[in-house]
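Taking it in order: structure first as structure tokens, then the write-up.
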Amino acid sequence: MATGVLELFKIGIGPSSSHTVGPMVAAARFATELADAGLLDSTDQVRVELFGSLGATGAGHGSVPAVVLGLCGERPDLVDPAVVAPVMDRIGSTGVLRLLDRRPIRFDPSTDIVLRADTRDGFHPNAMAFTASDVGGTVVSRRTYYSVGGGFVLDEQEATAPPPPAVPLPYPFGSGAELLSITAATGLPISDIVLANESSWQDEDFVRSELLRIWRAMQQCVRDGCSAGPGVLPGGLNVRRRAPQLAAALPDLGASVDAVADPLAAMDHVTLWALAVNEQNAAGGRVVTAPTNGAAGIVPAVLHYYRVFVPGADDDGVVRFLLTAAAIGSVIKENASISGAEVGCQGEVGSACAMAAAGLTEVLGGTPQQVENAAEIGIEHNLGLTCDPVGGLVQIPCIERNAVAAVKAITAARIALRGDGQHRVSLDDAVRTMRETGADMADKYKETARGGLALNVVEC
């Protein structure tokens, strides 16, 4: 498995893993490389260019403050969302930025960060170029990075070089078929396969503890979203938060769900949990990439469903859920994409739906064949989904798509569990179709906010 579970599930901030988390990582990496090369003290100015999708929707996705925070040395998993606005205000008023919080340089975000929506790099639509100059204007370093989805960042060398030698794994797999073959040969569930692979380079107890830390972050995000109070999300679309009102209107589940009379109470709560996460994401709050910020609400919502509505649910089940989901996410990422800028929303919401469906199927006692079937259903019924955010914001249709896809993931799991795992379309077929559909999709439907709803909905 090329992509580890703790790479797919990363704690960061909203509103976008590609446009916020990735640029912050890239900016911090550039500043660190300056320091490592002994160039920090000679740097007097840094200029940043955001190309393609980053240039088109970076303003609405928080890319500019993300770059600024990254240059200051902040990390997405550690930065306090509350400091973003004060830092931007301070730099805007003083014209001074402290690289890595050490080297003061002159910096004006309005002119030193340039959005080039009409310029696209051939490797990936989310490209960034960083240029450092000395006091005389001589360039001391120039680097290009690519934000390839889910907070993953590659530089020019990594984008074109052959992959590094893989850590020897007990159960390597690169496709759904290979994964099923391993489970058939070993008799192990998918979660055990993934845990054994992860334990090849890090301690098993560490993996479990980190996954539970990820789960706690998801829970906190849900709580924050439910208790945020009424108001509108930032960005100018005047989209109202709905999770707080819905949370107040739904009956308290209490110690037992048996007393809840409404047969659709579970669906209402799943909807609530997904809305809560993605409203927090839209507001720039703390979220977990699962596998991206734009699709961050689906896995937490379905995990909450498991813990609240499934008898006997426990933390061990949470770990197994996330391990299984990561297996599916890895197959998708390695054979297609989880980037909305690359393949549209099918790569974000579709991937998350498949991951959540697979995880739930495993913890409900499904066989590996049923898990693979559930994942395939999750992808198949999101194929062709465009990424057309109104106003370039991760709000419309993104927030509701997470709620609908979370319910769809539960449906996919239940369909798979009622079957024997045999089905006509394989997970690999669906993943390959996602990749081909994304390649055929016009760029205006891939995170540029130039087509679909973004074109037809009047911003007000």
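Laboratory data are not the source of any read-out in this text; all were calculated from the coordinates shown. The structure presented is a predicted model; accordingly, all values stated were derived computationally and were not measured. Please note: Cβ atoms are built from the backbone with ideal geometry, for glycine as well, and neighbour counts cover all protein chains shown.
Cα extents of the stretch 292-380 along the three principal axes, largest first, in whole Å?
40, 26, 18
Please report, for the Cα atoms of the stretch 148-285, the Rg to one decimal and the Dmax as a whole number; what are they, in angstrom?
21.1, 59
Report the per residue volume, in Å³, of the convex hull enclosing the C-alpha atoms of the stretch 14-59.
80 Å³
Straight-line reach only, C-alpha to C-alpha below 20 angstrom: list the lysines that Lys446 could link to, leaving out same-chain residues fewer than 8 apart.
Leaving aside lysines fewer than 8 places away in the same chain, those within reach of Lys446 are Lys333.
Roughly how many debye, to the nearest 20, is the charge dipole of the chain about its Cα centre, given +1 on each Lys and Arg Cβ, -1 on each Asp and Glu Cβ, and no other charges?
It comes to approximately 880 debye.
How big is the Kirkwood radius of the stretch 125-218, worked out from every pair of different alpha carbons and given in Å to one decimal? Numbers along the way, then the final one.
Values: mean 1/r = 0.0581 Å⁻¹.
One over the average 1/r among Cα pairs gives 17.2 Å for the stretch 125-218.
Report, in degrees rounded to the nearest 10, the 0 to 90 angle that the Cα long axis of helix 398-417 makes with the longest principal axis of the chain.
30 degrees
Quick one: work out Rg over Rh on the C-alpha atoms of the chain, Rh as Kirkwood radius. Intermediate results must be reported in sequence, preceding the final value.
Working: Rg = 21.7 Å, Rh = 22.3 Å.
Answer for the chain: 0.97.
For the modelled label position 7 Å from the Cα of Arg29 along Cα-to-Cβ, which residues of the stretch 40-54 have backbone nitrogen atoms closer than 12 Å?
It comes to no residues whatsoever.
What does the net charge come to around Pro81 if you take all other residues with beta carbon closer than 11 Å to its beta carbon, with K and R at +1 and D and E at -1? Write down the numbers at each step before the final one.
Working: positive: Arg286; negative: Glu74, Asp80, Asp224.
It works out to a net charge of -2.
Whole-Å semi-axes of the stretch 176-218's equivalent ellipsoid, largest first, each the root of 5 times a Cα gyration tensor eigenvalue?
For the stretch 176-218, the semi-axes come out at 24, 12, 8 Å.
Between Phe123 and Glu178, how high is the FRET efficiency from 1/(1 + (r/R0)^6) when r is the Cβ-Cβ distance and R₀ = 30 Å? Nearest 0.05.
0.65
Assuming a ≥ b ≥ c are the square roots of the Cα gyration tensor eigenvalues, decide whether the stretch 1-139 counts as rounded (a/c under 1.5), prolate (otherwise, with a/b larger than b/c) or oblate.
Rounded, since a/c falls under 1.5.
Extension gain Asp36-Arg424, at 0.36 nm per residue separation less the Cα-Cα distance, in nm?
Values: separation 388, 0.36 × 388 = 139.68 nm, distance 5.35 nm.
Result: 134.3 nm gained on full extension.
Leaving out same-chain residues fewer than 8 places away, which aspartates and glutamates sit with a Cα under 17 Å from that of Lys10?
Lys10 reaches Glu74, Asp77, Asp80, Glu198, Glu210, Glu348.
Report, to the nearest 10°, how far helix 315-335 tilts away from the longest principal axis of the Cα atoms in the chain, using its own Cα long axis and a range of 0 to 90°.
Approximately 60 degrees, to the nearest ten.
Within a Cβ distance under 13 Å of Gly297, other residues only, what is the Lys/Arg minus Asp/Glu net charge? Can you show the working numbers first?
Values: positive: Arg242, Arg401, Lys408; negative: Asp224, Glu279, Glu348, Glu400.
My count for the surroundings of Gly297 gives -1.
In what order do Tyr146, Tyr305 fall by count of nearby beta-carbon atoms within 10 Å, going from fewest to most?
By the 10 Å Cβ count, ascending, the order reads Tyr305, Tyr146.
Compute the length gained on full extension between Ser209 and Val232: take 0.36 nm times their separation in residues and subtract their Cα-Cα distance, giving the result in nm to one decimal.
4.7 nm
If one takes the longest principal axis of the Cα atoms in the chain, at what angle in degrees, from 0 to 90 and to the nearest 10, does the Cα axis of helix 349-363 lie?
It works out to around 40 degrees.
Give me the Å³ per residue figure for the convex hull around the C-alpha atoms of the stretch 261-342.
Values: hull volume 8.9 nm³, N = 82.
Residue-normalised Cα hull volume stands at 109 Å³.
Would you calculate a helix-derived [θ] at 222 nm for the chain, using -39,500 (n - 2.57) for each DSSP H run of n ≥ 4 and dividing by the full residue count, to the nearest 500?
-15000 deg cm²/dmol
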